[in-house]
Amino acid sequence: MSEYQYYEFVAIDRPLDAQEQAEVGALSTRAEITATRFVNEYHWGDFRGDPNQLMERYYDAHLYFANWGTRRIMLRLPRNLLDLDVAGQYCVSDQVTAWTAGQHLVLSLTNDDESGDWNYEPQASLSSIIGIRDELATGDHRALYLAWLADYGVWEHDEDAFDQDEDDELEPPVPPGLRTLTAPQHELAEFLRIDRDLLAAAAEASPPLDVPADDPEKLAAWLTQLPTDEKDRLLLQVAQGHAATVRMEILRGFRDIMAPSVPSPGRRTVADLLDSARLRRDDRQRQEAAQRAEKEARREHARALARQKRLDDLSHDEEAAWAKVEALIATRKPTEYDAAVALLSDLQALAERDDRFDTFTLRSMALRDAHARKPSLIDRLNRARL
């Protein structure tokens, strides 16, 4: 398998100016670069830039994919919209990390699977996942939990991924709404290859998400109560080109006030989650096997009924069927040979049913003798045991 790597960076809050585009352009001569996007694919060689530095200085989102199994999503948010201590609760080794750079916080969510994913198409992935950035900025931490879960999920098929003493590691705070993920969260779960049984086990402790719609009248009333200096600060940021950030900050503050109080569920250990996922998987597989067996039994019953009807119809004019076999063979066409063999199989079954197998045997032997110089037909008769 040839090597393949995909790099994509997106600027959301502020486009890159000409100088910044020139700076990132110096890192690659083959990249597709605009004021808001940097994309490059490698079938050999590697990217000269440092994704961490590019995220710290220029971009708000990054997706990396390699066909040997590595996948990474990076997001940059204003520090006042996602606290480092909050994000830190979901960090795991070097797979889920968070750090601050100036006025921003940078998240890196990585998943490794050495089995590889050459058939995966990463080109449209970032656009479908990027919505989690707004969700995180407005207080929805489900994406953080998904990243944590994806990392420990590796343990199910790689026993050396973690030390045994991490069995007793407690899960981070479980956010509400894991049973009803948003579209970007579903895409993130797929991108990070979260096992569906593990996700279902984790969601058992997640309370329902009760997010009331942003009532325009209540939002307007809340805005009027903001201190004048706070309003001035927000307006200045809008004037300076940070309208998207201001929007997220306003909605975050409003939703924090309006959100209902939800009790925190008890925290489980990593071992509890993995064991629960295994039990769910075993139960699901048993149910699926039973459903497959039932479905196959129904199909077999339908096939038996259809064949019985076919034999009944055949019994009304058996001689016409033998004549049709001879006519099909006379064409010397492979497809007609197949049809003749199928009809002979039905005639054999009819003879067995009506206890006239000796008669069928004599006629079929005579047919073989008459067409002994047709090796393709004889081969088909042999394979059908006729």
Tell me, yes or no, whether the stretch 102-118 has at least one residue that is of a type in the set (Phe, Trp, Tyr) and either touching a strand residue (DSSP E or B) at 6+ places or on another chain (Cβ under 8 Å) or surrounded by 20 or more Cβ atoms within 10 Å (Cβ to Cβ) (or both). no
Residue hits (the stretch 314-350; touching a Phe, Trp or Tyr at 6+ places or on another chain (Cβ under 8 Å) and either acidic (Asp, Glu) or open to solvent by 30 Å² or more (accessible area, probe 1.4 Å) (or both)) are GLN348
From the list TYR90, TYR6, pick out the single residue that is crowded, with 19+ Cβ neighbours inside 10 Å and outside any loop (DSSP other than H, G, I, E, B). TYR6
List the residue pairs whose Cβ atoms are under 9 Å apart, where the first residue sits in the stretch 237-254 and is under 15 Å from LEU136 (Cα atoms), the second is of a type in the set (Asp, Glu) and in a helix (DSSP H, G or I), and the two are 6 or more positions apart or on different chains. ALA244/ASP134; ARG247/ASP134; MET248/ASP134; LEU251/ASP134
Pairs, please: C-beta under 6 Å, at least 6 apart or cross-chain, first residue under 15 Å from GLU318 (Cβ atoms) and part of a helix (DSSP H, G or I) and in the stretch 349-369, second at pLDDT below 90 and open to solvent by 80 Å² or more (accessible area, probe 1.4 Å)? ALA351/PHE357
Filter the stretch 52-87 down to residues that are in a helix (DSSP H, G or I) and among the polar types (S, T, N, Q) and give me whichever is farthest from ASP151 (Cα to Cα). GLN53
For LEU75, all conditions in the list (1) touching a helix residue (DSSP H, G or I) at 6+ places or on another chain (Cβ under 6 Å); (2) surrounded by fewer than 17 Cβ atoms within 10 Å (Cβ to Cβ) hold save one; what is the number of the exception? (2)
Only one of LEU274, LEU311 is open to solvent by less than 90 Å² (accessible area, probe 1.4 Å), closer than 30 Å to GLU166 by Cα and assigned to a helix (DSSP H, G or I), namely LEU274
Residue list for the stretch 14-33, restricted to those being in contact (Cβ under 8 Å) with a residue 12 or more places away in the chain and β-branched (Val, Ile, Thr): VAL24, ILE33
Go through the stretch 172-222 and count every residue that is over 30 Å from ASP272 (Cα atoms), in a loop (DSSP other than H, G, I, E, B) and either open to solvent by less than 30 Å² (accessible area, probe 1.4 Å) or of a type outside the set (D, E, K, R) (or both). 2
Can you tell which of ASP134, ASP112 is in contact with a Gly (Cβ under 9 Å, 6 or more places away or on another chain) and modelled with pLDDT under 95? ASP112
Within the stretch 55-72, residues open to solvent by 10 Å² or more (accessible area, probe 1.4 Å) and either modelled with pLDDT of 95 or more or over 25 Å from the mean Cα position of the chain (by Cα) (or both) come out as GLU56, ARG57, TYR58, TYR64, ARG72
Within the stretch 351-380, restricting attention to residues that are under 53 Å from the mean Cα position of the chain (by Cα) and among the acidic types (Asp, Glu), which residue is least open to solvent (accessible area, probe 1.4 Å)? ASP379
Residue by residue through the stretch 223-246, note down the ones that are farther than 22 Å from ASP17 by Cβ and either open to solvent by 80 Å² or more (accessible area, probe 1.4 Å) or of a type in the set (Asp, Glu) (or both). THR224, GLN225, THR228, ASP229, GLU230, ASP232, ARG233, LEU235
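The values are calculated or read from the model by the stated rules, or taken from the named source; none is laboratory data. Fair warning: this is a prediction, and the values are worked out from it, not measured in the lab. Note that we place each Cβ from the backbone using ideal geometry, even for glycine, and neighbour counts take in every protein chain shown. Surface accessibility is based on the protein's heavy atoms, side chains included, excluding ligands, DNA and RNA. Shrake-Rupley method; radii C 1.70, N 1.55, O 1.52, S 1.80 Å.
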